[in-house]
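Chemist: One structure, pasted below without further comment.
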Amino acid sequence: MRVGYRSHENGIHPSTAAKVGRTRQRVMQLKPNDLLLFARVVDEGSFSKAAQRLAVPVSTVSRRITALETALGERLILRTTRKLTVTELGQAVLEHARQVQQSAEAAGALADNRKLEPAGRLRITMATDLGLMAPFLAEFLARYPAIVLEVDVSARFVDLIGENFDVALRLGALKDDATLAARHVCDVCGGLYASPAYLKKRGTPRDPNALLEHHAVYAQRRTGQPLEWLLQRGKSRWEGLPPARVMGNSPDLVLRMAANGAGIVLAEHGSAESYVKAGQLVRVLPEWEIQPVPLSAVFPGRRLMPARTRAFIDALVDKFGGSKRA
């Protein structure tokens, strides 16, 4: 369900601004939990999703939002079967709800930092299923049994603060964002791989230009375009786009396709390792590598960091910091 916002070009309508001013005192007298619930409904885009996230009945969510609107004397959300639309007054109330939410999170983070043992749910997102992550995550869980990991692997660009994630693992150059902070973890390396059956059928390329005569299995950008192959050997560089046979936004899928003979794939070494050990993939042009890509841990910069988040980032840097992951 989509959430829309009713607004005017120059902000809140003057007639509504007066209502907002009169309503602010009422907002300060409302129950903080109701404001938090309102913010959750907007974030989730539906009453049912908010109820599911909070583990309460949908009827409870609906009743409390209705009570909130009654207390304020005006609708905050316009409901249809297809979407929720936040009214102008709802936007003003949402601003206060966000402040309550941030204060509650800060208090929770403070309490969490005072605990000797990091604990609680840790939400992590990454744009690609990095092969080096799975063993590390298992080690991390064994070290911190009171932490519950929630890992999201998504090709889309995730809003850490808006979607309430603790850490994002991101490859490449980072965008400037004053609300976020980052720590460099390591440089990720990779190379070309293909199945023995494919190479037996199509031949093994002896130099990068020969790749243009082969089928390629591509990982996609968020735009849907294939990631260009940028290879280096010492000071030599090669860039090209061999003919695409398969394109996908799942690194594991493209690796499996390459292992089944679909073509040559450019992959991070850690992700390809298990296929190499099983004899399903072999290196192609092993003297040529992709240019090292920085891996960073990105996290909200204006929050007191929970102990579980700090433990995770410190463990990442201790495990991989200052290295190139071959």
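Chemist: Kindly indicate whether GLY240 is within 25 Å of ARG156 (Cβ to Cβ) and of a type outside the set (Ser, Thr, Tyr). Before you say what the answer is, go through the steps one by one.
Modeler: Numbers: within 25 Å of ARG156 (Cβ to Cβ): no; of a type outside the set (Ser, Thr, Tyr): yes.
When the stated conditions are applied, GLY240 does not pass them.
Chemist: May I pose another question? Which one of VAL41, VAL27 is out of contact with any Pro (no Cβ under 6 Å at 6 or more places or on another chain), under 26 Å from GLU163 (Cβ atoms) and either in a loop (DSSP other than H, G, I, E, B) or at pLDDT below 85 (or both)?
Modeler: Working: VAL41 fails: either in a loop (DSSP other than H, G, I, E, B) or at pLDDT below 85 (or both).
VAL27 is the lone residue from the list that is out of contact with any Pro (no Cβ under 6 Å at 6 or more places or on another chain), under 26 Å from GLU163 (Cβ atoms) and either in a loop (DSSP other than H, G, I, E, B) or at pLDDT below 85 (or both).
Chemist: Residue check, VAL148 against (1) in contact with a Lys or Arg (Cβ under 6 Å, 6 or more places away or on another chain); (2) surrounded by 14 or more Cβ atoms within 10 Å (Cβ to Cβ), all met but one. Which one?
Modeler: (2)
Chemist: Follow-up question, since we're still on this one. With touching a Pro at 6+ places or on another chain (Cβ under 6 Å) and surrounded by fewer than 18 Cβ atoms within 10 Å (Cβ to Cβ) as the only criterion, which of LEU241, LEU212 stands out?
Modeler: Numbers: LEU241 fails: touching a Pro at 6+ places or on another chain (Cβ under 6 Å).
Going through LEU241, LEU212 in turn, just one is touching a Pro at 6+ places or on another chain (Cβ under 6 Å) and surrounded by fewer than 18 Cβ atoms within 10 Å (Cβ to Cβ): LEU212.
Chemist: Looking only at the stretch 215-236, filter to residues that are more than 31 Å from the chain's Cα centre (by Cα) and open to solvent by 70 Å² or more (accessible area, probe 1.4 Å); which one of those is farthest from LYS319 (Cα to Cα)?
Modeler: My answer is LYS235.
Chemist: Output the residues belonging to the stretch 243-265 that are of a type in the set (Val, Ile, Thr) and closer than 17 Å to ALA127 by Cβ. Reasoning before the result, please.
Modeler: Taking the stretch 243-265 as the starting set, the residues that turn out to be of a type in the set (Val, Ile, Thr) are 246, 254, 264-265.
Selection gives VAL254 alone.
Chemist: Would you confirm whether any residue within the stretch 252-274 is at pLDDT 90 or above, open to solvent by 20 Å² or more (accessible area, probe 1.4 Å) and in a strand (DSSP E or B)?
Modeler: Yes, the stretch 252-274 contains at least one residue that is at pLDDT 90 or above, open to solvent by 20 Å² or more (accessible area, probe 1.4 Å) and in a strand (DSSP E or B).
Chemist: Which one is modelled with the highest pLDDT, of the residues in the stretch 112-139 that are over 22 Å from the mean Cα position of the chain (by Cα) and open to solvent by 50 Å² or more (accessible area, probe 1.4 Å)?
Modeler: Residue satisfying both the conditions and the ranking: GLU117.
Chemist: Could you check, for the stretch 120-133, whether at least one of its residues is more than 19 Å from VAL298 (Cα to Cα), part of a helix (DSSP H, G or I), touching a Leu at 6+ places or on another chain (Cβ under 8 Å) and not basic (Lys, Arg)?
Modeler: No: zero hits.
Chemist: Scan the stretch 229-248 and report the pairs whose first residue is on the phi < 0 side of the Ramachandran plot and outside any strand (DSSP E or B) and whose second residue is open to solvent by 40 Å² or more (accessible area, probe 1.4 Å) and at pLDDT below 90, with Cβ atoms within less than 7 Å and a gap of 6+ or a chain change.
Modeler: Cβ pairs passing all conditions: LEU241/GLU228.
Chemist: Also, I was wondering about something else. Filter the stretch 168-209 down to residues that are among the aliphatic types (A, V, I, L, M), surrounded by 14 or more Cβ atoms within 10 Å (Cβ to Cβ) and modelled with pLDDT of 95 or more, then give me how many there are. Please lay out each step first, then the result.
Modeler: First pass over the stretch 168-209, keeping only residues among the aliphatic types (A, V, I, L, M): 168-169, 171, 173-174, 178, 180-182, 185, 188, 192, 194, 197, 199.
Now narrow it down to the ones that are surrounded by 14 or more Cβ atoms within 10 Å (Cβ to Cβ): 168-169, 171, 174, 180-182, 185, 188, 192, 194, 199.
Now restrict to residues that are modelled with pLDDT of 95 or more: 192, 194, 199.
Selection size over the stretch 168-209: 3.
Chemist: Any idea how many residues of the stretch 279-323 are open to solvent by 60 Å² or more (accessible area, probe 1.4 Å) and in contact (Cβ under 8 Å) with a residue 12 or more places away in the chain?
Modeler: 11
Chemist: What about ASP159, is it buried (at least 19 other Cβ atoms within 10 Å of the Cβ) and farther than 23 Å from LEU231 by Cα? Let's see the steps before the verdict.
Modeler: Details: buried (at least 19 other Cβ atoms within 10 Å of the Cβ): no; farther than 23 Å from LEU231 by Cα: yes.
Taking the combined requirement at face value, the residue does not satisfy it.
Chemist: Just one of VAL42, VAL56 is of a type in the set (Val, Ile, Thr), closer than 30 Å to MET305 by Cβ, out of contact with any Phe, Trp or Tyr (no Cβ under 9 Å at 6 or more places or on another chain) and open to solvent by 20 Å² or more (accessible area, probe 1.4 Å); which is it? Reasoning before the result, please.
Modeler: On the way: VAL42 fails: open to solvent by 20 Å² or more (accessible area, probe 1.4 Å).
After applying the criteria, what remains is VAL56.
The values are calculated or read from the model by the stated rules, or taken from the named source; none is laboratory data. In this text, all values refer to a predicted model and were calculated from it rather than measured experimentally. Cβ atoms come from the backbone with ideal geometry, glycine included; neighbour counts cover every protein chain shown. Only protein heavy atoms, including side chains, enter the accessible area calculation; ligands, DNA and RNA are left aside. Shrake-Rupley method; radii C 1.70, N 1.55, O 1.52, S 1.80 Å.
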